[in-house]
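Everything on this sheet refers to the single structure shown next.
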Amino acid sequence: MDRPLWTFGPIAMPLEALALIRSHAESTYPSECCGFGAGPAAIPELVDEVFPEVNEADRYHAIDPIRFPRTSRTYFKINEIRAQKLFKEAAARGRPIKLIYHSHCDAGDYFSAEDAATFVQEGVLTWPCAFLVVSVRNGCAVSERLWVHVEGSDRFEQAPLLIRSTY
C-alpha cells in the first residue's frame with residue numbers, strides 16, 4: 001500500500017497549532033469538535049495549520065434519528081463535500097491535509113471502535129491522515145493522543161505527538 005508518511009506517525013506540531021485545536025474543542029463543549037491539520041508536503045511529519053470544521057452530527061440526527069441516532073455530544077460527522085474540497089485545495093497549495101482531529105466530551109482521548117469504523121474499510125484507510133483525539137472534561141481540554149492506522153487491519157494504535165514552541 002502506498003500511503004503518505006504522516007499516516008504512520010509521528011506528527012510534529014507547534015504549540016500554537018495544538019492550542020487552536022484545544023480551544024476549538026473547549027468552545028464546542030459539550031459537543032464534540034472536529035477539524036483538520038495541514039502542513040508542508042516537504043516535511044511529512046509537520047502539521048502547522050489548523051482548519052476547524054462544523055460538526056454535522058446534530059443536523060443529521062434531526063433529519064434521520066434512526067439512521068443517525070447519536071448527537072454531537074458523543075459523535076462527530078464531517079461534511080464530506082467540504083472535506084474533499086479542502087483536501088484538494090490543500091494538496092494544490094503543497095500543504096496536504098495530514099490530520100483529522102476531534103474531541104471526546106467527558107471521556108478519554110482514545111480512538112473508539114466507531115472512530116475506527118468511520119475511517120477504515122476492510123483494512124484500508126479511507127482518508128490519508130493521522131488522527132488526534134482531544135479529551136475535554138467539564139469544558140477544559142485535558143489531554144490529547146495521536147492515533148494511526150495499522151496497515152491491513154481495522155485497528156489504530158497510538159503514535160508520538162511531538163509538540164514544540166517553534167518549528
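Can you tell me which residues in the stretch 150-167 are more than 16 Å from Glu45 (Cβ to Cβ) and not polar (S, T, N, Q)?
Val150, Glu151, Gly152, Asp154, Arg155, Phe156, Glu157
Evaluate the following for Pro10: is it over 13 Å from the mean Cα position of the chain (by Cα) and within 17 Å of Ile163 (Cα to Cα)? Break it down stepwise before answering.
Numbers: over 13 Å from the mean Cα position of the chain (by Cα): yes; within 17 Å of Ile163 (Cα to Cα): yes.
So Pro10 passes the test.
Within the group Thr74, Thr126, which residue is more than 22 Å from Pro14 (Cβ to Cβ) and free of Cβ contacts under 8 Å to residues at least 40 places away in the same chain?
Going through Thr74, Thr126 in turn, just one is more than 22 Å from Pro14 (Cβ to Cβ) and free of Cβ contacts under 8 Å to residues at least 40 places away in the same chain: Thr126.
For the stretch 128-149, what are the residues that are surrounded by fewer than 23 Cβ atoms within 10 Å (Cβ to Cβ) and of a type in the set (Gly, Ala, Ser)?
Ser135, Gly139, Ala141, Ser143
Given the condition under 22 Å from Thr71 (Cβ atoms), in contact with a helix residue (DSSP H, G or I) (Cβ under 9 Å, 6 or more places away or on another chain), at pLDDT 95 or above and part of a loop (DSSP other than H, G, I, E, B), answer yes or no: does some residue in the stretch 39-49 qualify?
no
Restricting the search to the stretch 83-119, which residues are surrounded by fewer than 14 Cβ atoms within 10 Å (Cβ to Cβ), assigned to a helix (DSSP H, G or I), modelled with pLDDT of 95 or more and not small (Gly, Ala, Ser)?
Selection gives Gln84, Lys85, Lys88, Glu89.
Output the residues belonging to the stretch 73-82 that are part of a helix (DSSP H, G or I) and either buried (at least 17 other Cβ atoms within 10 Å of the Cβ) or among the basic types (Lys, Arg) (or both).
Result: Arg82, single match.
The values are calculated or read from the model by the stated rules, or taken from the named source; none is laboratory data. The model shown is predicted, which means the values in this text are computed figures rather than measured ones. Note that each Cβ is placed from the backbone with ideal geometry, even for glycine, and that neighbours are counted across all protein chains shown.
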